[in-house]
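Q: One structure follows; several queries about it will come next.
FYI, it's all coordinate maths here, none of it is from the lab. Quick caveat: nothing in here was measured; it's all calculated off a predicted structure. Cβ: placed from backbone, ideal geometry, glycine included. Neighbour counts: every protein chain shown.
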Amino acid sequence: MSVAPRHAVPGGPRHHVRQDRPVRRFLAAPVITESSLSRAPASSAIRLSIRSRSADSRSRSEAAVPGLGGRVDRSRVAAAGHSFGGQTAGILLGLRVRDPETGEAEDLSDARVRAGVLLATAGNGGDDLTPFAAEHLPWLRHPDFTRMTAPALVVAGDRDDLPLTVRGADWTTDPYVLSPGDKSLLTLFGAEHFLGGISGYEVAETTDENPSHVALVQQVTLAYLRHALDVESSGWAAVRRALSAGTHPLGRLESK
């Protein structure tokens, strides 16, 4: 069933929801272990390699999905990610991250990626990091957002108080604030790191379950990508009108 979410943006994209399952809350948090920290830099490189290879192997992807062959517009490619995945997407858009071994910040952007969506993504490094993050998470130490010139939508929760930064929730707005070019920022009121539960239904890591937040993220990101990839812009115009005035109960949208 296609329905407009509660507090939906008039004229914005509609979406499908399930209404036959109860909403449950789980008070659990992700755990960073010593073993996961030792694997983290390699995992980040692997994620980026996978993203790049996925752009190179679209023909195989099309062939693997029945009915998809010949229907993919290869001129319209976007990257999206949440948390560290958002940093990976940002790298494809031009974000530079210094290699902890070589000290170099290589350009790993991909010109085929025309736009991105960065959800609850890490911000500036240096003195903005907690001692723990500065010691154990080297890819957060010296990000350079000044080269991230490709268009992007940044989504941040105003209660996303991560243990990685001394600044508080506004740290995750840095990909918008510190980068040049065509950028937009969606701030969700009362949202924490998982933005109401975007990871999936009944995912234990969600600490702020809110279906209305999830619906708004879905609506705004879909409208943005259709606009950024030149599909159509009426949905994006509608969400900008509704969320830029500062009167929407769930969030605020700003652009530069």
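Q: Decide, for the range 85-129, between rounded, prolate and oblate: order the square roots of the alpha carbon gyration tensor eigenvalues as a ≥ b ≥ c, take rounded if a/c falls under 1.5, and otherwise choose prolate if a/b is larger than b/c, else oblate.
A: Since a/c reaches 1.5 but b/c is at least a/b, the shape of the range 85-129 is classed as oblate.
Q: Search the structure for amide H atoms under 5 Å from the amide H of G251, placed 1.01 Å from N in the peptide plane, and list their residues when 5 or more places away or on another chain.
A: When sequence neighbours closer than 5 places are left aside, the close amide H contacts are F189.
Q: Something else now. Could you tell me, in Å, what Rg and Dmax come out for the Cα atoms of the range 212-256?
A: 10.2, 29
Q: In addition: Simple spin-label model, 7 Å along Cα-to-Cβ: R241 to A64 in nm?
A: Once both label points are built, they end up 4.2 nm from each other.
Q: Which chymotrypsin sites (Phe, Trp or Tyr not before Pro) in the range 191-235 sit in a loop by DSSP (not H, G, I, E or B) and have at most 13 other Cβ atoms within 10 Å of their own Cβ?
A: Those that pass, being in a loop and sparsely packed, are Y201.
Q: Here's a follow-up. For A79, enumerate residues with amide H under 5 Å from its amide H, sequence gap 5+ or separate chain, H modeled in the peptide plane.
A: So A79 has HN proximity to A115, G116, V117.
Q: Sort T146, T102, T206, T172 so that the residue with the fewest other Cβ atoms within 10 Å of its own Cβ comes first and the one with the most comes last.
A: In order of increasing Cβ crowding within 10 Å: T102, T146, T206, T172.
Q: What is the Cα centroid distance between the range 91-115 and the range 124-166, reported in whole angstrom?
A: When both Cα centres are located, 15 Å separates them.
Q: Under Stokes-Einstein, with the Kirkwood radius over Cα pairs standing in for Rh, what whole-number D in µm²/s applies to the range 149-255 at 4 °C and 1.567 mPa s?
A: 91 µm²/s
Q: Starting from a Cα-only point model with no solvent, please compute log10 I(q)/I(0) by Debye for the range 70-169 at q = 0.16, 0.24, 0.25 1/Å.
A: Relative scattering, expressed as log10 I(q)/I(0), comes to -0.69, -1.30, -1.36.
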